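The values are calculated or read from the model by the stated rules, or taken from the named source; none is laboratory data. A quick note: this is a predicted structure, and the numbers were derived from the prediction, not measured. Every residue, glycine as well, gets a Cβ built from its backbone with ideal geometry; the counts of neighbours run over all protein chains shown. To get the accessible areas, we keep the full protein, side chains included, count just its heavy atoms, and leave off ligands, DNA and RNA. Shrake-Rupley method; radii C 1.70, N 1.55, O 1.52, S 1.80 Å.
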Amino acid sequence: MDFDFTEEQTLLENMVTSFVRDSYPWEVREAIVKTEEGWKPENWSQFAELGLLGVPFAEEFGGLGGSVVDTMIVMEQFGKGLVVEPYMPSVILSGGLITSLGSKEQIDSIVPTIISGEKRYAFAHSEPQSRFDLFDIKLSASLSGDEYILNGFKSVVFGGPMATHLIISARTSGEQRDKEGITLFLVDKNAEGITTQDYPTIDEYRASEVVLENLKVSKDMVLGEVGKAYDAIDEVVDKATIAVCAEAVGALQVLKDSTIDYCKNRKQFGQPIGKNQSIQHRLVDMMIEYEQSKSILYMACTVDLSDATERRKAVSGAKARIGKAIKFVGENAIQLHGGMGMVDEYMVSHYFKRATMLGILFGNEDYHMKRYSEITQADVIKITDAKASSIAFN
Amino acid sequence: MDTTFSPEDVKFQQEVRSFIHTNYPNTLRESIANKRKKGEELTKDDLTTWHKILGKHNGWSAPGWPKKYGGAEFTPTQKYIFEQECARSECQIVMPFGVNMCGPVVYTFGNEEQKAQHLPGIISGEQFWCQGYSEPGSGSDLASLKTTAVREGDYYIVNGQKTWTTLAQHADWIFCLVRTNPDAAKPQEGISFLLIDMKTPGISVRPIYLMDGTNEVNETWFDNVKVPVENLIGEENKGWTYAKFLLAHERAGIAGVARSKKAIERIKQIAATEMSYGEPLIQDPAFIRKIADAELELTALEYTELRTLAKDAAGKGPGAESSILKIKGTDLQQRITELCMEAVGYYANPHTGTTLSNEYVGPDYATNLSGTYFNFRKASIYGGSNEIQRNIIAKMVLGL
């Protein structure tokens, strides 16, 4: 049992840390998010050169064959730098769906283009009514000859504006909330029948609303088996959720550390405010929330993710716990920064906003608490042994 | 990063499990279960039998001690497994005062005679220890202690009062912080660490009854108690260093993750048995949420402890980070005891095993759950209150 990174993982961490330090200082990041595109394509090329776009893919495609620990390492550092380039949506989420469901031909032709940085995918999945339920899909796809005709609406597609291609989930059979009958389609974002409305998010990332009107997609562009995409979506989104947790832990570390620094330097009544016990105890509680978040992230990265029940329990447990920490650390970071915490120009509010939105992404604390509980409270055995002893700690 | 057990660890786990299965006495299990059911205090035999059995088996009563002092010298992973297995089988805990507190101070700072005199008895469980730290006027501000030890020839003459002395009624020895230099520049600088035989004339122990009716703690009075100078640990007036070392060790063991895990399993079983709104309580969303909250906090704490152990194994002893384990571990114990009490509804009320009633009512699993809840308010107060722990982290870790 150990919590050490391998030599390769340490190199990876150092590489991403250097990128964030050298290519993503605060002023640079501020300039990037204010551009019309809202990201920097040169950074994407740099990711490709550094091999970052290949981290989760198999070595035979030029990837690094990394595990969730490797993507955790990347995302934690990205969280520390509030890196806006769409790594999670494109590489981890879309890349994960393609390798999980794609045919050999699809994987062979698409994955190298993701690793090289030439193509970027976004997963157009959630709909206004579905909230966090991954199976609640109305957007329809009906077969007409060799083509599917897609009609419907996708909401808040992360990384949509930067994407060259979309993976669109559609209902090919069954009712709106059936797990059966969901099919994924690979489409070029410029295809006729797709209209996107791109917009900035409150935390300065970019997303799209996507409207499909009689979008024609060839049968060859179905990803995986028709109507059978749900289990893979559930699994890949779970792994992407671990990445989101890692990004959040990175952001929480900056929130915690910058607040501690601020309280050491900000003087009121002739002394640093960090000399006050009420503030010291709050900072300690923020630090504990951060450490507990990091711990439960490590738990999620080290359980057996090939077991679906274990995976759901671990991922939902981590996301719920980290969701709680995000609120505590984020809100208190602003509170202890006082007026400076409210100011757009100062970086702490940006970390707070990003962490808060990560708290919602793929399901908030309540959603994951329920998903977690449904697993852990099932099959509990009633007490029938009359001699059952009472609880004792000591 | 890997949290699976190596084949050697799996083998060790099986070894521990089978050792417990073969050697944990059924008579002890029944004796303790009966007393808990009746709300009676455990006897010295109940408290030490398992300790004595472990003490005869490769030093298993002292998992963290070096082999050369008779301990088991488990690896961090082995320690973790050992605790898990003992909790899983609901073994009586080994009292921490000798093994976790006094022992490490003796083998780290004591001389050869002291090691030879005390370590074997701590391992074997023949010597029952208690802790003489707190005084009526010195709780969190431990360094303000007033009990004096004045050197007269080959003896220290000890006068004063210790309080909250856990299980002093059973103790053969007490380790004490005493003031040897009342004129030191700082209160911390005049303190010494003394080992005192509880049979020495002039020591008296008076019970303190806690709100659940138990006599866990006592007042211990010292009236001209003659203590041989060879019972001084380390140097005179350097006791504060040893005291702090001990406190860090004390906090490290205090998280109780394995026991809390077992207790949460138990709450779930109780909640599956108890009914609310015509359905098992385990189906009540409000109650489920509380259990899940506690479970997740515990999962996170388990990994925080494992991370701390891994650091420990890398040669950095328990530092101020162990304060996190104390805060979160005791917070969880309190939440769990609260949920247990909540789970049994009205049967939280009966207080059996008292002078007023030896009658026993309600389901067995409900016995004394409220007593345990009330009793466990102590956890965030002892071992340095959780507010003091926050002060320690603020100063030592955050540098505030």
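P(r) for region B:253-396, from all Cα pairs and a bin width of 10 Å, is 11, 34, 30, 17, 7, 0 %, short bins first.
Counting only DSSP beta bridges with both residues in the protein assembly as shown, the antiparallel share comes to about 85 percent. Sequence-distant contacts, meaning Cα pairs under 8 Å at least 6 residues apart, place the relative contact order of region B:129-237 at 31 percent. Annotation: amide H of B:G39 has no partner in the under-5 Å range at sequence separation 5 or more or interchain, hydrogens built in the peptide plane. Per residue of peptide A:242-252, the mean number of Cβ atoms on other chains within 10 Å of the residue Cβ is 0. Amide H contacts for A:S103 (H built 1.01 Å from N in the peptide plane; partners 5 or more residues away or on another chain; cut-off under 5 Å): A:G224. The modelled label-to-label distance for the pair A:K219/B:Y360, using points 7 Å beyond Cα in the direction of Cβ, is 7.4 nm.
The residues of region A:122-227 expose on average 44 square angstrom of accessible surface per residue, using a 1.4 Å probe on protein heavy atoms. Once both labels are positioned 7 Å from their Cα atoms along Cα-to-Cβ, the gap between B:R307 and B:Y155 label points is 5.3 nm.
Using θ = phi - 60° in the Karplus curve 6.51 cos²θ - 1.76 cosθ + 1.60, the 3J(HN,Hα) couplings for region A:50-60 round to 6, x, 5, 5, x, 3, x, 8, 5, 5, 5 Hz; x is entered for Gly and Pro. Placing unit charges on each Cβ (+1 for Lys and Arg, -1 for Asp and Glu) gives the protein assembly as shown a dipole about its Cα centre, and among A:Y262, A:A229, A:V217 the Cα reaching farthest toward its positive end belongs to A:Y262. Accessible area per residue (1.4 Å probe, heavy atoms of protein chains only) ranks A:M347, B:M1, A:M369, A:M342 as A:M342, A:M347, B:M1, A:M369, with the largest value leading. Would you please classify the overall shape of region A:1-137 from the alpha carbon gyration tensor, given that a ≥ b ≥ c denote the square roots of the eigenvalues, rounded means a/c under 1.5, and beyond that prolate means a/b larger than b/c while oblate covers the rest? Rounded shape, in that the Cα axes give a/c under 1.5.
Taking beta carbons within 10 Å but only from partner chains, what does the mean come to for residues A:367-379?
Mean number of neighbouring Cβ atoms from other chains: 4.
Rounding to the nearest 10 and keeping the result within 0 to 90°, find how far the Cα-based axis of helix A:68-81 lies from the longest principal axis of chain A. The angle comes out at about 60 degrees. The chymotrypsin sites (Phe, Trp or Tyr not before Pro) found in region B:201-267 that occupy coil by DSSP, while having at most 15 further C-beta atoms within 10 Å, are B:Y209. R0 = 45 Å: FRET efficiency of B:N349 with B:M396, Cβ-based, nearest 0.05? Computed FRET efficiency for B:N349 and B:M396 comes out at 0.55.
In order along region A:89-105, phi translates into HN-Hα couplings of x, 8, 7, 7, 6, 5, x, x, 5, 5, 6, 6, 10, x, 6, 4, 4 Hz, rounded to whole numbers, per the Karplus curve 6.51 cos²θ - 1.76 cosθ + 1.60 with θ = phi - 60° and x for Gly and Pro. Shown in residue order for region A:261-271 are the 3J(HN,Hα) couplings computed by the Karplus curve 6.51 cos²θ - 1.76 cosθ + 1.60 at θ = phi - 60°: 4, 4, 5, 6, 9, 6, 9, 9, 6, x, 8 Hz (x for Gly and Pro). Full extension of the chain segment joining A:M347 with A:A308 gains 10.1 nm, where the gain is 0.36 nm per residue of separation less the Cα-Cα distance.
Going by accessible surface with a 1.4 Å probe and the largest first, B:M101, A:M340 read A:M340, B:M101. Quote the relative contact order of chain A in percent (integer), defining contacts as alpha-carbon pairs under 8 Å separated by 6+ residues. 14 percent. For chain A, the longest principal axis of the C-alpha atoms and the axis of helix A:365-376 are separated by about 80°. Near the amide H of A:R206, within less than 5 Å, lie the amide hydrogens of A:G159, A:T201, all on another chain or at least 5 residues away, with H placed in the peptide plane. Annotation note: GluC sites (Glu not before Pro) in region A:211-303 located in DSSP loop regions with a Cβ neighbour count of at most 15 within 10 Å are A:E225.
Every helix of 4 or more DSSP H residues in the protein assembly as shown counts as -39500 (n - 2.57), and over all residues that averages to -15000 deg cm²/dmol at 222 nm. The accessible area of A:E180, taken with all protein chains in place and a 1.4 Å probe, comes to roughly 110 Å². Where does helix A:7-23 land angle-wise versus the long Cα axis of chain A, in degrees 0 to 90, nearest 10? So the inclination is approximately 80 degrees. The GluC sites (Glu not before Pro) of region B:104-175 that meet both conditions, a loop assignment by DSSP and at most 15 other Cβ atoms within 10 Å of the site Cβ, are B:E126. Counting, for every residue in B:322-335, the Cβ atoms of other protein chains within 10 Å of its Cβ and taking the mean gives 1.
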